[in-house]
């Protein structure tokens, strides 16, 4: 009886040991399989993608330039004298012909009166000489001499009147007084700049464009401009003039763009300019950040069967964040826009934000919880 009981006890212990060993083997195989699945998931590179689609795109030339006033004038004193009255301040709007400064005119006025008197005297002498010449009482030479003296006196009087007019300094153009360098009471020398007037109604920006664009940029093309001083705003203009020759030293030609100031733009502002010279209404485009420049030969990473395929492409116009693709992809192809640096030909990828990615993640999480409960 004792031997039979001992035998049964040993058999029970052996059976339990076998069951424990078998359970351990199954657990080990499950962990290995889970690890292998995790390794496969780790090999997939997370990326962001966008679809190639049809959009309107414009071909443009971009550059930077400072704005300049179309018309600007330095007001010069044409005669000397004391400034009795300065009638404008900086920032004042003036019109062409408006009086700006009044200079002391006493000397010029006296000179004009003196020449007027001399002219009147010679006028009377010449009138009497003509009467005497008709009676042959004076020679023709004397008569001609009086005539020439009278013409000389008239010219001197006109010159004196002109000098007198210079004491009233007027605006040569319409615009805004940008600077003033005199005050009432100052003595002004002849040919001295005293004011600067700028016409801010029209502004210009001059671009030095490479000669390869000579055939594409023409007067009348639309221009868009953004200025650093006014962020978020875009100003429209046109190409006003294009230089017909190329500078041999720099290999560029001048393109002058015109803008209305809209009472906002000011000379000296720095502008970023874009000239649209062609447009395609239905071009196949992809985001510009999807392009990989492989030593000058552009390529794209295209998703095919969950893997990245490197595709050489031929590009067309570039417009802001978009680039036209002429060859290499078709509408609807998914191209990688983020994560390109970690990709090689045939690399497995996982699209970030794709609808399936969330479901897979949820399934993985649920499976891991079930496995944990089973192990427990």
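The values are calculated or read from the model by the stated rules, or taken from the named source; none is laboratory data. Keep in mind it's a predicted model, so treat the numbers as computed, not measured. With ideal geometry, Cβ positions are generated from the backbone for all residues, glycine too; neighbour counts draw on all protein chains shown.
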Q. Only one of (1) surrounded by fewer than 18 Cβ atoms within 10 Å (Cβ to Cβ); (2) modelled with pLDDT under 85; (3) outside any helix (DSSP H, G or I) is not met by residue 349, so which one is it?
A. (1)
Q) Does at least one position in region 156-167 carry a residue that is in contact with a strand residue (DSSP E or B) (Cβ under 6 Å, 6 or more places away or on another chain) and either in contact (Cβ under 8 Å) with a residue 24 or more places away in the chain or exposed (fewer than 14 other Cβ atoms within 10 Å of the Cβ) (or both)? A) yes
Q) For region 58-88, how many residues are part of a strand (DSSP E or B) and more than 39 Å from the chain's Cα centre (by Cα)? A) 6
Q) For region 285-327, what are the residues that are out of contact with any helix residue (DSSP H, G or I) (no Cβ under 9 Å at 6 or more places or on another chain) and on the phi > 0 side of the Ramachandran plot? A) 295, 296, 305, 306
Q: Would you mind finding the one in 299, 216, 252, 234 that is at pLDDT below 90 and over 30 Å from residue 344 (Cβ atoms)?
A: 216
Q | Residue within region 150-165 that is outside any helix (DSSP H, G or I) and in contact with a helix residue (DSSP H, G or I) (Cβ under 6 Å, 6 or more places away or on another chain) present | A | no
Q) Just one of the numbered conditions (1) more than 14 Å from residue 47 (Cβ to Cβ); (2) at pLDDT below 85; (3) in contact with a strand residue (DSSP E or B) (Cβ under 6 Å, 6 or more places away or on another chain); (4) surrounded by fewer than 17 Cβ atoms within 10 Å (Cβ to Cβ) is not true of residue 272; which one? A) (2)
Q. Counting just the residues of region 38-57 that are surrounded by fewer than 18 Cβ atoms within 10 Å (Cβ to Cβ) and not in a strand (DSSP E or B), which one comes out modelled with the highest pLDDT?
A. 44
**Q.** Checklist (1) within 30 Å of residue 78 (Cα to Cα); (2) surrounded by fewer than 18 Cβ atoms within 10 Å (Cβ to Cβ); (3) at pLDDT below 90 applied to residue 125, failing item
**A.** (1)
